[in-house]
Amino acid sequence: QLFEEQAAKTPGALAIESAGEQLTYAELNERANQLAHYLRLCGVGPESLVGICVERSIEMLTGLLAILKAGGAFVPLDPAYPPQRLAFMLADARLSVVLTEQRWLQRLPRGEAQLVCVDAGRELFAHESAKNLHNSVTLANLAYVIYTSGSTGMPKGVAITHDSLINLVRWHQRVYEVTSADRATQVAGLAFDASVWEVW
């Protein structure tokens, strides 16, 4: 909802640039809406955990927004992880849907999760509505689940709610005096918690 407010306020402003491609806030919002509508058809709603296994890209931001817009919570999966770790995380989180890119399909275990390619499979959701979805998510609902390194044992999923995420974002905005003139680079990998404040 906060992103949608910004998209309505500054639709023509640059939202993301990656590998020579640019999207405005309006374009990113519409693309995420189409994917979110498709995710709803896949059964995604509040408290649904949706995996996302992509590299830093426009597809990454589109996927994260789409998962939240559909009401779900994202679970970052690093494509560079060993197949055994990816298999453990998919099973442990009981993921029913995973957003990925075509080049990572062979790294993901074949199981219960439906794999949705956000690049090659774009025709799956290109015909969906570009309008904002009605969202019944509350501040107490999950926003994402991120796994620990597992350096002292098995990796553990840490569940973060929307109110915690918004608190983090507001703190960074206040302390670093973030304005629309600022730009943020996506340096941290998505499966590393530092990526959260870079993105949002």
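The values are calculated or read from the model by the stated rules, or taken from the named source; none is laboratory data. Quantities reported herein were computed from a predicted structural model and do not represent experimental measurements. When we count neighbours, we look across all protein chains shown, and the Cβ atoms used for this are built from the backbone with ideal geometry, even at glycine. Side chains included, ligands, DNA and RNA excluded: accessible areas come from the protein's heavy atoms. Shrake-Rupley method; radii C 1.70, N 1.55, O 1.52, S 1.80 Å.
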The answer for S48, listing residues at least 5 apart or on another chain whose modeled amide H is closer than 5 Å to its amide H, is A73
What is the Cα convex hull volume of the chain when expressed per residue in Å³? 124 Å³
For a quick check: with amide H placed at 1.01 Å from N, whose amide H comes under 5 Å from C117's, ignoring anything fewer than 5 positions away on the same chain? T100
Calculate what fraction, in whole %, of the accessible area of the stretch 89-173 sits on carbon and sulfur atoms when a 1.4 Å probe is rolled over the protein chains. 54 percent
Ratio of alpha-carbon Rg to the 2.2 N^0.38 Å globular estimate for the stretch 142-200, to two decimals, please. 1.29
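Averaged per residue, what accessible area in Å² does the stretch 10-146 show with a 1.4 Å probe, protein chains only?
On the way: 6090 Å² over 137 residues.
About 44 Å² of surface per residue is accessible.
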How big is the Cα convex hull of the stretch 105-180 in projection, averaged over all directions, in nm²? 9.5 nm²
Rg and Dmax [Cα atoms of the stretch 37-131; Å; Rg one decimal, Dmax integer]: 12.3, 39
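Local charge sum around L77 (other residues, Cβ-Cβ under 11 Å, Lys/Arg +1, Asp/Glu -1)?
Details: positive: R85, R107; negative: D78.
In short, +1.
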List, in order, the whole-Hz ³J(HN,Hα) value for each residue of the stretch 59-65 obtained from phi through the Karplus relation with A = 6.51, B = -1.76, C = 1.60 and θ = phi - 60°; use x for Gly and Pro. 4, 4, 5, 4, x, 4, 4
Would you please give the residues with an amide H less than 5 Å from that of T24, counting only those at least 5 places away or on a separate chain, with H modeled from the backbone geometry? A15
Arrange the peptides 42-52, 149-159, 184-194, 135-145 so that the one whose residues have, on average, the most other Cβ atoms within 10 Å appears first. 42-52, 135-145, 184-194, 149-159
Once all Cα-Cα distances of the stretch 4-91 are split into 10 Å bins that start at 0, what whole-number percent is in each one? 18, 41, 33, 8, 1
What list of ³J(HN,Hα) values in whole Hz, one per residue of the stretch 190-198 in order, does the Karplus curve 6.51 cos²θ - 1.76 cosθ + 1.60 (θ = phi - 60°) give from phi, with Gly and Pro shown as x? 4, 7, 9, 4, 4, 5, 4, 6, 4
